[in-house]
Each structure stands twice: as C-alpha cells, then as structure tokens.
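The values are calculated or read from the model by the stated rules, or taken from the named source; none is laboratory data. Quantities reported herein were computed from a predicted structural model and do not represent experimental measurements. Here Cβ is always computed from backbone atoms with ideal geometry, including for glycine, and neighbour counts include all displayed protein chains. Only protein heavy atoms, including side chains, enter the accessible area calculation; ligands, DNA and RNA are left aside. Shrake-Rupley method; radii C 1.70, N 1.55, O 1.52, S 1.80 Å.
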Amino acid sequence: MKNLIYQFYNEGLGKLFCKKPIDHINKKIKSKSIRNILSFIIMFIYTVIILLIAGYVLYKKLPI
C-alpha cells in the first residue's frame, strides 16, 4: 500500500503538482507544524483535483 501512495504523489503529475511544491516549502519554512499543514493542504487539493478529472473522464467516456 505504501508503494501505491508513493507512486500517486511522487510520479507523473504528482511530481509536478505535489512533490515540487512540498520540497520548496520544506526548504523555505523552518517550522515543522506549518510545513506539515501546508503539505497536507497541497496533497488534499491535488487528490481532489485528480479525482475530479477522473470523474469527468469517466462521465464523458461511459454512457450513463
């Protein structure tokens, strides 16, 4: 399961929209609690956007 989560956030679009911003935040912000909160927000937004895109593609491809 850890491998699937790693692939979701660190490969493909996750590398561009999730990993790079989190790495940038980790370099610039020293407070660990703020880094964790911002990382969670970025991961949450990325997950919601990917799920919306997947839902849209399925809606257009499958005749409902």
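For this structure, a couple of remarks:
- Search result, residues across the range 9-64 that are basic (Lys, Arg) and under 10 Å from the mean Cα position of the chain (by Cα): LYS15, LYS19
- Considering residues of the range 1-37 that are in a loop (DSSP other than H, G, I, E, B) and not basic (Lys, Arg) only, the residue most open to solvent (accessible area, probe 1.4 Å): MET1
- The range 36-64 residues that are closer than 18 Å to PHE8 by Cα and among the hydroxyl-bearing types (Ser, Thr, Tyr), paired with ones that are open to solvent by less than 100 Å² (accessible area, probe 1.4 Å) and part of a helix (DSSP H, G or I) (beta carbon under 7 Å, 6 or more apart): SER39/ILE22; SER39/ILE25; TYR46/GLY14; TYR46/CYS18
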